[in-house]
Amino acid sequence: MTHPDSTARRHRSPGSPGKAPVVPLAEQQECGAATVPEPGLYDCRMMGPAIATWLAAGLAQTAGLAAACAAVAACAVAWSVAVTVLRTSLTARCRHRGMRGAWPHPPWHTALAILAAGAVAMLSAGLMTLSATHDAVARIAADGGGSAVLDVSITAPLQASTRRGSVCMAQATVERMEAGGVREPSSARVRLLLGSDACALRPGGRYRVSGDLVQPEYGREAAWMTVRGWLPIRAPTALRSGVTRLQDAFLSVTHGLSEQGRVLVPGLTLGVMGQNSAIDALAPDGSVDAVYAAGLTDGFRNAGIMHLMAVSGGHFVLLATIVTWLMRRVRAPRGLLALALAGAYAALCLVMVPSDSITRAASGGLIAAACLCAGRRGQAMSALCWTVCIAVIVRPGLALSYGFALSVLSVAGIVMLCSRCTRSLGRVMPRCVAEPLAVTLAAQAFSLPVQVMLGSGVPLLAPVANVMVAPLVGFGTICGLAALAVSIVMPPLGFAFAWMASCATALMASCALWLGGAGSVVRWPSGWGGAFAMAGTELAVALGIAMARRAMRLWRRRRDARDGSVDAMPGTAAMIGAADAMPGTVDAMPGAGVSRAGMARENLGQWWRETRDLLFPT
C-alpha cells in the first residue's frame, strides 16, 4: 500500500520543499497509475488477459489446443515487451518533468495473468468441444441425419422460418434423444423447423418432438430438425408465459402500422425485425412484403445504421439513465441504486430477444452495478475486459460470434477514442453534431475490420447517417418500450406509442434509403485478408494523422520562436522597461508580440466561434 502523502512527496520540487507544484492531470496520467488513481478510460491492465482469453477460446475450437497454446504464449511475450517499453518511456518522461511516476506493476504480473486467463479459456473451450463432438445429436447429423425423437426446451421466441416448407423456427436445447430404440442424454443446441400447427410451441416450455435431423446449413447449432409431430411435457413457468404474452401483444399491435413501422419498430424495440417474427408469419391478412423488407434492410446496412435494429448497449444506457434519475429523486442509497440497476438489466434481458450483443451489454452492466455497490469509480475499459473474460470462459462459443465481436469492438472504440474525437471535432463544429459524429467514428474505427470480414463493404456515408438519425433513436426507443409495456393491458394506448415510434422510424427509413443507395458502399475484400487490410489501412491513417499533428506542433513552436526573437536583440530589455513606465505600454497595444498571420488566424477563429454560437446556440 502507498502512503497517502507519498503522491504529494513525489510531486514536490527541489526548490520548494513545503509545497507541491501544480501538475496537469494529463501529465499525471502519462506518468503511470502509481502517481494518480487510474482513470477508467485508461485502465487497460486487463486488456492483455481479455485478448488472450478470446484467442485461446477461438483457436481451441477451430485450430486445436496446440495453436491456442502458441497464441497465448505469444500474447504474453508481446504484452510483456510492450509494457516494458512503455514503462521505460513513461519513467523517462516523468523524470524529465521532475516527477517520480512509475508503472504500478512489473511486466511479469500481466504475463502471469495472460497465461492464467488463456489456460482457463482453453480448458473451457476444450471441454465444450469434446462434449459437442461426442454428443448423440451431433453424431447422427454428421453421419447424414435420420429420424429421431427429442426432448427439448425452447430457449427463445419463435421466428419466421428462412427455409421453404416450414413457417416458423425455434431455438431449443436437447435434453434426451431417442433413435433406433436407444435413448441417450444430450445437451446439443438445435434449430426446429416448424409447420403452422407446431408454431404453438412456447418459449420456456419442454416438448417431445419427432422429425428428421440434418446437418445445419449455417449457424452454430449442432443440427436442424424438421418437426413432424410434437407433444407437450411441461408448460412454461408463469413468468416466462407472461413475457411471451407481453411480446406477442406488442407484435400484434405493431401489425397495424404501416409497412416500415411493421418492419422497424419491433427491430428498434426488441431486436428482431418485423418480417422475422412468428406473429407476422402467421398473420391472417398476410405478412410484410418480402421485397420491400429486403430493400429496407439493405438500405440500413448500406447506410451503416443496421446496428440500430439490434438491441445492445443503447437500451441499457437509456434504462440506466431513467433508473438512476428516479432513484436519486427519492434519495436512495448507493446499494439500493445498484440493486435497482441490476434488477432493471435482468428485466430488460428477459423481455428482449436473446442475442450475443445483449449478453455483452448485460454482463458489462452487471459489473458496473457491482462496482457501484462496492463504492468504486466506474472503469469502462476494465469492465469491458472483465466482461470479455467472464463471458468467453462461461460460453466459449462467443469467441466465434460476429455479433459479440462487433459489440465489444464498438464499445472499445467508443471508450478509447470518443472523448478525443469529440474535443477535436468540437473545435470546428457545434457540439450537438460533434458528439454523435465522434461516437460513430470511434465505433467504426475498431469494428470496421470485422464488418468487411463479413463482406458488407465500407459504408462511406455511415457517419452522416448516424448523425442524422441520432436525435430519433432515443425517442423511438422510449416509445417502443412504452408500447411493449402497455400493449398487453391497453392495446389502443400501446398502438399510440407504437405509432409515435413509427414516426421516428419513418424518418430513419427515409435517411437509410437516401444515403444507402447505389455508390454508398465501397467494395472491399472479405474474409481475413480484407480484415487485415482494413486494419493496416486504419493504422496507416492514424499514424499519418499523428505525424501531421506533430509536424504542426513543431511548426507552431518554430513560428512562435521566430516571432519572439526580438526579445533577444540588444537593448530590448531597456526599451521594454522604459515602455512599461509610460502610460501606454506595449502590452496594451493590440496585436503586440503577435505576427500578422497569427492575428489573422485569431480574428478568423473569433468570427467562426461567434457565427457558430449564433446559428447553433448551446
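The values are calculated or read from the model by the stated rules, or taken from the named source; none is laboratory data. Remember, it's a predicted structure, so these values are computed and weren't measured experimentally. Virtual Cβ from ideal backbone geometry, glycine too; neighbours counted across all protein chains shown. When the accessible area is computed, the model is the full protein with side chains, heavy atoms only, and any ligands, DNA or RNA have been set aside. Shrake-Rupley method; radii C 1.70, N 1.55, O 1.52, S 1.80 Å.
A few notes on this one:
- Some residue of segment 305-314 being at pLDDT 90 or above, in a helix (DSSP H, G or I) and farther than 25 Å from Ala170 by Cα: no
- Residue ranges of helices (runs of 4 or more DSSP H) in segment 184-287 with at least 1 members open to solvent by 60 Å² or more (accessible area, probe 1.4 Å): 238-254, 259-270
- Within segment 303-349, the set of residues being over 20 Å from the mean Cα position of the chain (by Cα) and either within 26 Å of Gln444 (Cα to Cα) or in contact (Cβ under 8 Å) with a residue 40 or more places away in the chain (or both) comprises just one member, Arg334.
- Summed over segment 364-416, the residues that are touching a Leu at 6+ places or on another chain (Cβ under 9 Å), of a type outside the set (A, V, I, L, M, F, W, C) and closer than 24 Å to Ala222 by Cα give a count of 2.
- Unique residue being out of contact with any strand residue (DSSP E or B) (no Cβ under 8 Å at 6 or more places or on another chain), outside any helix (DSSP H, G or I) and at negative phi when the list is Ala347, Ala332: Ala332
- Annotation: of all residues in segment 459-468 being within 17 Å of the chain's Cα centre (by Cα) and within 17 Å of Met309 (Cβ to Cβ), the one that is least open to solvent (accessible area, probe 1.4 Å) is Ala462.
- The condition of being of a type in the set (Phe, Trp, Tyr), surrounded by 19 or more Cβ atoms within 10 Å (Cβ to Cβ) and outside any loop (DSSP other than H, G, I, E, B) does not hold for Phe532.
- Note on segment 203-219: residues that are among the small types (Gly, Ala, Ser) and in contact with a strand residue (DSSP E or B) (Cβ under 6 Å, 6 or more places away or on another chain) amount to 3.
- Residue within segment 517-540 that is closer than 30 Å to Leu251 by Cα and in contact with a Gly (Cβ under 7 Å, 6 or more places away or on another chain) present: no
- Any hit, segment 363-370, residues being open to solvent by 60 Å² or more (accessible area, probe 1.4 Å) and under 30 Å from Gln451 (Cβ atoms): yes
Let's see how each residue does on (1) charged (D, E, K, R); (2) in the same structural domain as Leu59 (by the TED database); (3) crowded, with 16+ Cβ neighbours inside 10 Å:
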position: His109; (1), (2), (3): no, yes, no
position: Leu112; (1), (2), (3): no, yes, no
position: Leu123; (1), (2), (3): no, yes, yes
position: Leu127; (1), (2), (3): no, yes, no
position: Ala141; (1), (2), (3): no, no, yes
position: Val152; (1), (2), (3): no, no, yes
position: Ala170; (1), (2), (3): no, no, yes
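- Matching option when the condition is in contact (Cβ under 8 Å) with a residue 24 or more places away in the chain, open to solvent by 30 Å² or more (accessible area, probe 1.4 Å) and hydroxyl-bearing (Ser, Thr, Tyr), among Ser424, Ser407, Ser419: Ser419
- Of all the residues in segment 450-495, those that are under 30 Å from Ala399 (Cα atoms) and of a type in the set (Val, Ile, Thr) number 5.
- Residues of segment 469-517 that are open to solvent by less than 60 Å² (accessible area, probe 1.4 Å) and assigned to a loop (DSSP other than H, G, I, E, B): Ser487, Gly516, Gly517.
- Here the condition is being at positive phi and in contact (Cβ under 8 Å) with a residue 40 or more places away in the chain; of Gly126, Gly204, Gly180, it holds for Gly204 alone.
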